[in-house]
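Notes for the one structure printed next.
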Amino acid sequence: GLPVARAENTMSIGSAAGEPGEVVSVPVRGTNDVPASQYLAYVRFDPETLRIEKVDFAGTPAAEAPADHMWAQSWPETGLVEIGVVFDTFAPIEKELAPGEGHLLGTIVFRIRSSAREGVSALRERKESLPGENPLLGSVWVWTSPRGAHTLLCTIREGAISVLPPSGIRPPEIVRCAQEFRDVAVAWTNPVPFDETRFDLRLMLINVKRG
């Protein structure tokens, strides 16, 4: 018959720490007491503090299976990232996520914005759908039986990224311009990682007449 899903079917968001401009990795883990054929996780973050770089599936059961579908989608303006996996439960592969604790579901890679203030930035469960986002709410486990697919909404245990004060004085960026034939090459250096670079460039053209 259909296995009974209990409160042990959960997901949790990890934590990390870094300085403005640095890249940090946050694992998303799950615990399931029934074999899962799919899972979907939503994580809400502060877009003023963090920028999503990518979602990495390396080291997950989905990457090792391999899964039929793995995807990641983000809404950087509203601060939402989606992690989804569908296992191939059909012959000849017939793979599922076996019951277990602390499965690595995916790793979210963030860059802490250079303008981020010192403090704690929460990574939390999605509780509302903002304009432009996927309207589906909630993170879910999905398992199958002879009677079809069954979906279980699960609770996400929240995590956080601690924004640390810069460990040193940030060196100013040095912008250099050089003429290469008819083109002007612009280059700059910044020993400290930043998530964006802006500068104003003003060129003065000088005409030289031969006498």
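What to note about this one:
- Among (1) open to solvent by 20 Å² or more (accessible area, probe 1.4 Å); (2) on the phi < 0 side of the Ramachandran plot - the single one residue 59 does not satisfy: (2)
- The residues of segment 156-168 that are open to solvent by 90 Å² or more (accessible area, probe 1.4 Å) and out of contact with any Lys or Arg (no Cβ under 6 Å at 6 or more places or on another chain), listed by number, are 157, 167.
- Yes/no for residue 117 being surrounded by 13 or more Cβ atoms within 10 Å (Cβ to Cβ) and part of a loop (DSSP other than H, G, I, E, B): no
- Leading residue by the ranking (surrounded by the fewest Cβ atoms within 10 Å (Cβ to Cβ)) among those in segment 85-111 that are over 16 Å from residue 58 (Cβ atoms) and under 12 Å from the mean Cα position of the chain (by Cα): 111
- Residue, modelled with the lowest pLDDT, within segment 3-27, restricted to residues that are open to solvent by 60 Å² or more (accessible area, probe 1.4 Å) and part of a loop (DSSP other than H, G, I, E, B): 4
- Pick from segment 39-86, criterion part of a strand (DSSP E or B) and among the hydroxyl-bearing types (Ser, Thr, Tyr), ranking: nearest to residue 23 (Cα to Cα): 74
- Of all residues in segment 28-36, one or more are surrounded by 22 or more Cβ atoms within 10 Å (Cβ to Cβ) and at pLDDT 95 or above.
- Count of segment 120-147 residues which are assigned to a loop (DSSP other than H, G, I, E, B) and either modelled with pLDDT of 80 or more or open to solvent by 40 Å² or more (accessible area, probe 1.4 Å) (or both): 14
The values are calculated or read from the model by the stated rules, or taken from the named source; none is laboratory data. In this text the structure is predicted, and so the values were computed from the model without any measurement. All Cβ positions, glycine included, derive from the backbone under ideal geometry; neighbour counts span all protein chains shown. Calculation scope for accessible area: heavy atoms of the full protein, side chains included, ligands and nucleic acids excluded. Shrake-Rupley method; radii C 1.70, N 1.55, O 1.52, S 1.80 Å.
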